[in-house]
Amino acid sequence: MKITPLEFKTDYTETLRAMTAKHVDETSPLERYNALGTLLKDYIGELWANTNKTYRTQKTKQVYYFSMEFLTGKFLANNLIYLDLYATAEKALKELNISLDELIEVEVDQGLGNGGLGRLAACFLDAMSSLSIPGHGCGIRYKNGLFEQKIINGYQVEYPDRWLVNNNVWEYKRASKAVNVKYNGKIETYMENGRLKFNHVDYDAVRAVPYDTPILGFDNNTVNTLRLWSAEEINDVMDFEHFSKGNYVSAFEKKNNAEIITQILYPNDSIEEGKLLRLKQEYFFVSAGLQSILMTFKKTGVPIEAFAEHVAIHINDTHPSLAIPELMRILLDEENLTWDVAWRITTACISYTNHTIMSEALEKWPYFMIQDLLPRITMIIEEINNRFIAKLKDALHYTDEQKIHDMAIIADGLVRMANLAIVGSHSINGVAKLHTEILKNNVLHDFYEIYPEKFNNKTNGIMHRHWLLNANPDLTDLVTETIGDGFKKNPLALRDLLKYREDASFQNKLFDIKHKNKEHLANIIFKEQGLRIDPYSIFDVQAKRIHEYKRQHLNILHIMMLYNKLKENPNLDIPPRTFLFAGKAAPSYYVAKQVIKLINTLADVINNDTSIKDKIKIVFMPNYGVSLASRLIPAADISEQISTASKEASGTGNMKFMMNGAVTLATLDGANVEIMNEVGENNIVLFGLKDDEVYRYYEQGNYNAFDVYNNTPDLKQVIDQLTNGFLPVPKEEFLPIVERLLRFNDEFFVLKDFESYSDAQERIGLYYRDKRHWMKMSITNIACSGVFSADYTIDKYASGIWHVNRKPLDFNL
Ligand code: 26V
């Protein structure tokens, strides 16, 4: 946008004055932040209106990305960068004695997601806008995002994330676009013009109110929409009958019953059987979203039969898979289409991404629960299932009853959402090459046999502009002055940096930037925790959800071994290391929470032991989220991506670290395999079992963790130290972890991979000591990271799945 600092200053002071009725120097940081957001929203508004008008008049095909989670983080800095107003705003504010950095700090993260799946959805929104694809998000406006994590006495303690208390300056409430979502009740059938009709009666309705947030494209005038739905009681008044009888509390009960639907984001990444509220949430935003899509579509005047040529609906995991029966319901009951036509449209519209092979995360709902809550939807699922089974038996001549049972959508009293999503969509994609192969050959093999054309891979990507321009401005400046700024729109251009791999001056500059980022992080840690860490030490970072398959405990066991070696020989010649951890555990996942306690317990012991001469330090940084990641990742030397091979569908943190010049320490899992292919084996440090070896152990049942423990003295020592009083906690504190490793035979092969991991860590120490060598590895990683931009991923979704054009919009401001 073309605005001078002077114009900006005038606009800003006027906005601030109008909003606060105060002189500039009397306003608070929050008021200043809100005024800046409001002003930007005003600038964005014109672009937004133009974008929507273009979509309407050109009747372009629209993509809707349905997701239970959107982990967008903060908007202010990003929007300033995307409007090319960052420097202008910084200058104008400085003249008013206001620090832009301080205002950026005031914004609270929009943390409406658990981890990778939610962050991916946010990156995809950015890429859709930046590629001028008409693509919008549809989700839930949770009043409480993912819990805030505090560490108290070493334990994770959860606090509510009331991110909306200070209002959300970026959203618009669109009350006029509210719709009703119906639950419970019964279905009456009747005949009309020779056709069986369905009437939903005695239902409970909840009002779904949309809140829209603009999603800017980078430097292209496109503004798409993230529409999040909030639940309200239909009339939004309390029950006057109760109220007038003096029963104040129950007067509000109905209202609360409705509002509770969008009160909280479930903090888990696996299913707890039968959570009715979760099912209500899923239907809530799916139904509201589809109703609003239908309304927008109808305004174009295009006949409903052509719906699939104008609308693509993507479901992010199975959580929105009720979109399939809900769209069928609308097409059958409201648009009066026949089953066959409705089915053709539905399957042509809908596409599905699978994000995990972990069976505990595959959604299954008790049949009677769904039937009770969503009676008409259940009838439709039943019909889809019957027709599918008939196809297997009659058209495909399947006779293997076990196989038919395994593939059924409804079986064992459960509705299997993955099976529904596969049958009811035209595309199923995995999120990394290896993951897609595992889906095809293993987890979803039966479906792959009958629908090979539906399966495809779309390797995940990240919002490279956030992880470079926003999170690492110094690196961005260095890259820009070295190869120009083409990489901002064309991230593959980062490859031009390969020419500078051996260039000592470039290497030194990169080293200095990394060092500055490390110092910055060290200062934050000192301020927050009073702990001093050495910016010259190797910053070895594992930041992600805490989970046994991600194996934070493998990392910890290795640190314990290093510590033992240093105790034996304090002059052991190893480069100093700082091990940084960050991540939340699901509140009900006991072992994961004990892993956090273990990290903090060990940190206490090691950080206070002067005999090891500061050779190792451990830091646990609480409340991992987008903002913390943005500080942590630019300061990392080593990126720990050490999941049990086959378990991590893709990983996206791995891509962010690489882009910021960290060297990956990895198993050949998820997208690590593709990172290895990009950088070459010399620029990544690999260890551990491969996916086929893991599968072979599972199939043959011949892994014996106890043998490994007994035959590996260093490992035996550290495992024993967990429960023998070596750590300053009761002996049984970490028994659950040891039991998972020994008594339950180490499901995730932590012990099996221990030696190989320790060897890899030793190699890293050697590489790091050779500064030239290390910088060469680091540059190679940055240079090869461009392919992992979400721009490319979304380009492939657009052409391969959604069949939409990425036409630049034909207006300019
Ligand atoms: C499942 C459930 C089940 C019900 C309760 C709430 C909840 C929340 C999230 C999930 C999904 C777990 C799957 C997931 O997050 N997968 C991650 O997706 C990333 C993006 O594709 C990928 O990079 C990670 O490897 C994968 O673990």
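Every read-out reported here was derived from the displayed coordinates using simple, explicitly stated rules and does not represent laboratory data. Since the model is a prediction, treat every value here as computed from it, not as a measurement. Cβ sites come from the backbone with ideal geometry, for glycine too, and all protein chains shown count toward neighbours.
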Expressed in angstrom and rounded, the centroid-to-centroid distance over alpha carbons for the stretch 385-436 and the stretch 533-557 is 39 Å
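Please compute the length gained on full extension between Thr57 and Lys275, using 0.36 nm multiplied by the number of residues separating them and subtracting their Cα-Cα distance.
Gain on extension, Thr57 to Lys275, equals 74.2 nm.
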Inter-part gap, Cα centre of the stretch 54-127 to Cα centre of the stretch 165-226, in whole angstrom, is 24 Å
For Asp11, Asp42, what ranking results if the residue with the fewest other Cβ atoms within 10 Å of its Cβ goes first? Asp42, Asp11
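State which entries of Lys550/Lys597; Lys150/Lys613; Lys364/Lys593; Lys182/Lys454; Lys597/Lys716 exceed 23 angstrom in Cα-Cα distance in the structure shown.
Details: Lys550/Lys597 16 Å; Lys150/Lys613 29 Å; Lys364/Lys593 26 Å; Lys182/Lys454 32 Å; Lys597/Lys716 21 Å.
Check vs 23 Å cut-off fails for Lys150/Lys613; Lys364/Lys593; Lys182/Lys454.
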Where does the longest stretch of the chain lie that holds no chymotrypsin sites (Phe, Trp or Tyr not before Pro) found in a DSSP loop with 14 or fewer other Cβ atoms within 10 Å? 1-535
Compute the separation of the alpha-carbon centres of the stretch 724-762 and the stretch 446-516 and state it in Å as a whole number. 36 Å
In sequence order, what are the phi-derived ³J(HN,Hα) couplings for the stretch 320-328 according to the Karplus relation 6.51 cos²θ - 1.76 cosθ + 1.60 with θ = phi - 60°, rounded to whole Hz, with x for glycine and proline? x, 6, 5, 4, 5, x, 5, 5, 4
Specify the longest stretch of the chain that does not include any exposed loop site, a site being one of the GluC sites (Glu not before Pro) with a non-H, G, I, E, B DSSP assignment and at most 12 other Cβ atoms within 10 Å. 1-271
Quick one, could you list the DSSP H helices from the chain stretching 27 Å or more along their long axis (Cα atoms) with average Kyte-Doolittle hydropathy of 0.0 or above? 276-299
Do any trypsin sites (Lys or Arg not before Pro) in the stretch 576-661 lie in a loop, going by DSSP, with at most 13 other beta-carbon atoms within 10 Å of their beta carbon, and if so which? Lys613
Take Lys716 and Glu519, extend 7 Å from each Cα along the Cα→Cβ direction, and tell me the distance between the two endpoints in nm. 4.8 nm
Over the chain, what is the percentage of antiparallel beta bridges among all DSSP beta bridges, to the nearest 5? 45 percent
Net lengthening on full extension, Lys403/Gln371 (0.36 nm per residue, minus Cα-Cα): 9.0 nm
How much length is gained if the chain between Arg344 and Ser799 is pulled fully straight, taking 0.36 nm per residue apart and subtracting their Cα-Cα distance, in nm to one decimal? 161.8 nm
Return the Rg/Rh ratio of the stretch 354-469 with Cα-based radii and a Kirkwood Rh. 1.05
So for the pair Asn97, Lys299, with labels modelled 7 Å out along Cα→Cβ, what separation do we get in nm? 4.6 nm
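I need Arg162, Arg551, Arg376, Arg806 ordered by Cβ neighbour count within 10 Å, fewest first.
Lowest to highest Cβ neighbour count: Arg162, Arg806, Arg376, Arg551.
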For the stretch 671-805, take every pair of Cα atoms, bin their distances at 10 Å starting from 0, and report each bin as a whole percent. 10, 25, 24, 24, 13, 3, 0
Quick one: Debye curve from the alpha-carbon atoms of the chain only, equal weights, vacuum; give me log10 I(q)/I(0) at q = 0.09 Å⁻¹ to two decimals. -0.92
So how far apart, in nm, are the two label points at Met358 and Arg532 if each is 7 Å from Cα heading toward Cβ? 4.0 nm
Quote the charge dipole size of the chain about the Cα centre in Debye, to the nearest 20; the model charges only the Cβ of Lys and Arg (+1) and of Asp and Glu (-1). 1060 debye
Going by amide H atoms built from the backbone, whose H comes under 5 Å of the H on Gly137, apart from near neighbours? Tyr65, Thr225, Leu226, Arg227
